[in-house]
């Protein structure tokens, strides 16, 4: 199993945010995670990313239990993520942002290399960064600090930086939020193309129905802390329970 | 038992001083979310101003305290306008600027008044009262009484007046306060004025007891911070209880440890509380950043 | 750092050290130079914590003190040589720094500052009160200057002021080089990532805990070595040199010089020690001056002196 979440439960001071939510994804692809406000999408997402930990239940990546693993350990396994509020390193240039994602993470070896002056950037990282900048149409700003970008551009940079390592699992938290509607097509193309290029699982939490239905091959619907429906977009869109949950 | 009672009164007295510092810092922290590390230096400045007025102008303790309060409110308005307001939103820069102010205030005082301690001979330090078998300087009891009165007045102000309610509203929810039409800027100025008044009273009360000297605010600052940590960051009642508790812990520690180590006991209290219960003994658990 | 810069550094520093040791400079100037170095070395350590990892530590003077007392106790009470005690001074301070870093990790902003301040106060109080070990407020007297040696036909006798000033400059250069190598490496990049955004750094695979603890340990170790140099210079290790205001002075030096810039601590320390001597005003007024400068910098140029200089040079280069 590529990714499995089983019986996840989480309480926030008496409020049950997750109530035995779970799903399993066996194959690579683009999967959407949707649901009305308060359905528990973000909590579930954070548990897969390692930003929050469940009261009960398990998360496994490639069959390996990662439930209690901190985010940096999951990153080491090949998991990358973006944030709803969009996070990039503002002081660094776009190129530095991308290259940082590709650098090794061990402090011990970094300290050693500091005094032996060996270049640690993996071969091909520089070329990969150029390619991603071009795909994200950010190549004109490659040497500008990320802080000057517009929100939409920063979102593209954030996704490009997450793609740097060709992650096996890429978690995208509302990538379309705050993006100029005219640029949504470009974002969708960018994601589809990136997925075709590298494979793996793209798990996308999204509020914009039109965007996610056109992008994902499979949709998981959450409601009141549990999974309500799971299937291809067309089937989910005509599901009675889903329609009721969104209208009710 | 007698020794304990004596140290308990001493502790309440010093605790009241720490309450002045802790409350003043929490009032500003509540609305501006910044700890003013210059508060100890301002406390010291209050002592100097009161001493100067007392020795050279009026020879009246009450007027001296009032003068110190007015002077510090003025200084506070300048600092709020000139330093803290322009740096709003950048916590690190605000805190570092407040460290710069420590140097400015402390060394200006040294340059003007000299490095040596000055006498502040108020009658109340020499007169004593008999409480059973124990006798205390009137100043001790005065500090406790004035401390209690100021706390009571502050609570009445915060809970019974419109301005006080506005201040509390901004502390709890600045955005909400803005929405309902509270002048947030004005509450910052108000918090600064109240904070400075408390610092001035504290310095003017402590000066006669232990002389007035440039570092007289350093330990009260740290112990006020200890009170804040103990009571829970951001909590006004916590600042009162925490400040008093630190005073009593410190004074009673001298019953079992050499006097020299009482500061260490307080500093260690800070570290231990921060590590075991960072929300403070009386504080509420802080809200999760993301949920 | 470009190869040219490394080469220039490796040539200029020994030349400078040799030049200073030749004497000829007035003792007054040598004194100021050595004193500035005793501030610059701990400031270089603090810059790693404050400038690069973003940890505002208010108790840094305690690490300087740990180094100074380690040297003092080993040299005075146990007859160690300076050169033997110096690494241990760094190790003791570094271990204390790592421990403080580990226990204060969870604390946010204000709590972190209060905890580091309290740590500094506790250590200072221990130096004052543990008379059996530290001799209390008067301090440990009679700390030896580094033992002399002959190198390339040159006799270094550090009892002489020119030689000691040369040693202090050399030690500062070594500390600077270490910090430059660290900062320009992946280690430095990870620290800067942590400062910019901890959550993002962790999502990118950076072990934030390890980064902060290491930054603390390394910064404190450099401060400890600086403390040993300071104690050897002053010939005494007394608590007054390591009180909390000295910790704030170090913060001030780093910020005024330019936090997060390699040259920041050097500029800051030189300015802190030399300028007031040059201005010939009372010690109080120079600290007032620095306090005002700090407040002004926070308002108008938070990147510090090194940042201002970099901006000026860039503009010059652009105009030329």
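The numbers here are math on the coordinates, done by the rules we state, and not lab data. Everything numeric here is computed off the predicted structure, so don't read it as measured data. Here Cβ is always computed from backbone atoms with ideal geometry, including for glycine, and neighbour counts include all displayed protein chains.
Listing for the model above:
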| quantity | calculated |
| --- | --- |
| Between 0 and 90°, nearest 10: helix A:184-198 axis offset from chain A longest Cα axis | 70 |
| Peptide ranges A:200-210, B:188-198, C:305-315 listed from the most packed, as the mean C-beta count within 10 angstrom indicates | B:188-198, A:200-210, C:305-315 |
| Inverse mean reciprocal Cα-Cα distance (Kirkwood Rh) of segment C:94-136, Å | 11.3 |
| Cα-based shape type of segment C:51-137, given that a ≥ b ≥ c are square roots of the gyration tensor eigenvalues and the cut on a/c is 1.5 | oblate |
| Folded to 0 to 90 degrees: helix B:162-172 orientation relative to chain B principal axis, Cα | 70 |
| Shape call, segment A:176-230: gyration tensor on alpha carbons, a/c limit 1.5 | oblate |
| Nearest-0.05 FRET efficiency for residue A:16 and residue A:243, computed from C-beta distance (R0 22 Å) | 0.40 |
| Hull-based mean projected area of segment A:3-247, where the convex hull spans the alpha carbons, in square nanometres | 14.3 |
| C-alpha long axis of helix B:61-79 to longest principal axis of chain B, angle in ° | 30 |
| Of all DSSP beta bridges in chain A, antiparallel share, percent nearest 5 | 55 |
| C-alpha center-to-center spacing [segment C:181-229, segment B:34-51] in angstrom | 35 |
| Neighbouring partner chain Cβ atoms per residue of C:94-104, average, 10 Å criterion | 1 |
| Virtual spin-label span in nm between residue B:91 and residue A:193, 7 Å along Cα→Cβ | 4.1 |
| Percent of beta bridges antiparallel (DSSP, the protein assembly as shown, rounded to nearest 5) | 65 |
| 10 Å Cβ neighbours from other chains, averaged over peptide B:86-99 | 5 |
| Projected area, mean over directions - segment C:3-319, Cα convex hull, nm² | 17.8 |
| Cα centroid separation - segment B:105-133 against segment B:214-252, whole Å | 21 |
| Cα-derived Rg over Rh, computed across segment A:1-149 with Rh taken as Kirkwood radius | 1.04 |
| Helical mean residue ellipticity (222 nm; -39500 (n - 2.57) per DSSP H run of 4+; nearest 500) of chain A | -11000 deg cm²/dmol |
| Pairwise centroid distance, computed over Cα atoms, of segment A:96-134 with segment C:8-66, Å | 32 |
| At R0 = 56 Å, FRET efficiency that the Cβ-Cβ distance of residue B:160 and residue C:138 yields, to 0.05 | 0.50 |
| Residue of C:158, C:111, C:216 that the Gaussian network model of chain C assigns the largest fluctuation, springs spanning Cα pairs under 10 Å | C:111 |
| Ellipticity estimate at 222 nm from DSSP helix runs (n ≥ 4, -39,500 (n - 2.57)) divided over chain B, nearest 500 | -23500 deg cm²/dmol |
| Per-residue mean of C-beta atoms belonging to partner chains within 10 Å, peptide C:50-59 | 1 |
| Ordering of A:123-130, C:49-56 by packing [mean C-beta count within 10 Å, highest first] | C:49-56, A:123-130 |
| Most to least packed among A:43-55, B:222-234, C:131-143 [average Cβ atoms within 10 Å] | B:222-234, A:43-55, C:131-143 |
| Global form of the protein assembly as shown, assessed from the alpha-carbon gyration tensor, a/c cut-off 1.5 | oblate |
| Cα coordinate range in segment A:24-91, projected on the principal axes (Å, largest first) | 38, 32, 28 |
| Calculated diffusion of segment B:2-215, Stokes-Einstein form, Kirkwood radius summed over Cα pairs, 10 °C and 1.306 mPa s, µm²/s | 88 |
| Alpha carbon Rg of segment A:88-157, scaled by the compact-globule rule 2.2 N^0.38 Å | 1.22 |
